[in-house]
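The values are calculated or read from the model by the stated rules, or taken from the named source; none is laboratory data. No experiment lies behind these values; they were computed from the predicted model shown. Cβ atoms come from the backbone with ideal geometry, glycine included; neighbour counts cover every protein chain shown. For the accessible areas, the whole protein counts, side chains as well, though only heavy atoms, and no ligand, DNA or RNA atoms are used. Shrake-Rupley method; radii C 1.70, N 1.55, O 1.52, S 1.80 Å.
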Amino acid sequence: MTTALADTIARYTEAHEQMQRVLAGSEAIKALRTRAIEAFSSQGFPTTRHEDWKYTNLSRIEREAFQAAAAIPSVAADALPAMSFANDDALRLVFVNGRYAPSLSDAEEVTTAGVHVGSLAHAVDQEDTRLMALGSVANLESNGLVALNTAFMKDGALISLDANVELDRPICLVFLSVEQAAAALIQPRVYVVAGCHARARIVEHHATLGEPTNFTNMVEELRLADGAHIDHYLVHDGARTGSVVHSLNTTLGRDARFVNHHLQAGARLARQDINVQLAAPGSSTVLNGVFLPTDEQHLDTHTRVDHLKPHTRSDEDYRGVLDGRSRGVFNGKVVVHKDAQGIEAHQSSRNLLLSERAEIDTKPELEIYADDVVCSHGATVGQLDEQAVFYLRSRGLDEQRARQVLTYAFARDLIERIDLAPVREVATRAVLARLGDSAHLLEELS
């Protein structure tokens, strides 16, 4: 163990000892935090020596002594970013630097007709029995950052749906990273439990106010019982500052379905891990993503789908549009376990380089230990089709506008699959904003 790593572990271990005395929770939660800090102490931050992290270097983040996000910074309601569902009937919870902000939320807590949406801190303080399986989906033993989040787990969201509940109103979780005097360590936790045949839409909007240099280390767990269906929309935008690591972990029961749409555009450095366990026959998942790095941004997306049981299905489609001196990473791994006969898995990674200095590392992977399967995967990296550019110019568009139209068309196919209009609108504007002159271009395309 290097001296730097030892110092980092000692710093966080000491902070954990101080906080553990005052953090609320049941004995089970406290034991989970203790097990987590032990797991972190044995692992530390991942390094580029780890295969899954070879393209993303966290050494600067590891060395920095971030301040714990304590008091909630003051934020005016009208400062909330777009996609606040202000004119909709969404159940909205707002978190500022990882802390629940009731004054910005639509309701402090909703518990009605088999639905519970509220702050995790309140549930922990009340020793809510719905938290009994917290920590069972995200693997802290093999991921030092999941362990770190768990060790300091304090606030976030708890969403619980009883069996057969079909929630018409979307649940919107807004996570604001706010600029402060000192860079903050933000570690929200989201826990979702969907009962048998429950159905809901969950929107997460991660945005910034100012140009914060905070480090967000977020962990999310979803447990879907038999027949449950969750549509999950994940939007990361805002300033190109700060760093975000987000681990999203889902396990599915028989015939359950998890659909995720992801737009990644914000942060200086961002890493998204999406892990799905198809743990019962008939379960399925759809993962769609667009990432848009520019300037010197580094955006990394890792997905892992485990087909654990027969007759399961997964479909992945990710597209990257890279400009400036940015770097993108996509690593999608599908593992077909030996008992998973009759499964179907498809994976696609397509990437468009707009600059000679932009760089992409893409690696779709398949590991198959069963023989009755249908699997496909593929990856492409390319530039705009010059013949298509010429065609549009021959129709009266100047070269810049022709390239903007073609670039938008590359991402549009995935954007149009977003079936929730406010999210689709934000995603559309985020893509157009990256192309410049977004208002004019949107008018031409509409």
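Entry note, the chain: relative contact order of 9 percent, from Cα contacts under 8 Å with a spacing of 6+ residues. Taking segment 230-252 and a reference point 7 angstrom along Cα→Cβ of ASP162, no backbone N atom is nearer than 13 Å.
For segment 182-286, the fraction of 1.4 Å probe accessible surface lying on carbon and sulfur atoms is 46 percent. Would you tally the net charge around LEU209, using a Cβ to Cβ cut-off of less than 13 Å, leaving LEU209 out, and scoring K and R as +1, D and E as -1? Cβ neighbours under 13 Å give a net charge of -4.
Projecting label points 7 angstrom from Cα along Cα→Cβ for THR111 and THR380 puts them 5.3 nm apart.
FRET efficiency for the ALA65 to GLU141 pair, using the beta carbon distance and R₀ = 25 Å, is estimated at 0.45. Charge tally for GLN297 (other residues, Cβ to Cβ under 10 Å; Lys, Arg +1; Asp, Glu -1): +1.
Fully extending the segment from GLU365 to ARG35 would add 115.6 nm, taking 0.36 nm per residue of separation and subtracting the current Cα-Cα distance. Both numbers refer to the Cα atoms of segment 132-196; Rg and Dmax are 15.0, 47 Å. Gain on full extension, evaluated as 0.36 nm per residue between GLN126 and MET19 minus their Cα-Cα distance, stands at 36.7 nm.
What is the log10 of I(q)/I(0) for segment 155-290, computed with the Debye formula using one identical point scatterer on each Cα and no solvent, at q = 0.16, 0.18, 0.21 Å⁻¹? The calculated log intensity ratios at q = 0.16, 0.18, 0.21 Å⁻¹ are -0.79, -0.95, -1.19. For the pair segment 26-69 and segment 188-265, the centres of their Cα atoms are 20 angstrom apart.
Computed about its Cα centre, the charge dipole of the chain is approximately 540 debye, with only Lys, Arg, Asp and Glu carrying charge at their Cβ. Label positions at ALA433 and GLU344, each projected 7 Å from the Cα along the C-beta direction, are separated by 3.8 nm. What the chain shows is 42 Å² of accessible area per residue, with the surface traced by a 1.4 Å probe over protein heavy atoms.
Among the lysines of the chain, pairs that are 8 or more positions apart or on different chains and have alpha carbons within less than 16 Å of each other number 5.
A cut-off under 10 angstrom between Cβ atoms defines the neighbours of ASP317, and their net charge, with Lys, Arg +1 and Asp, Glu -1, is 0.
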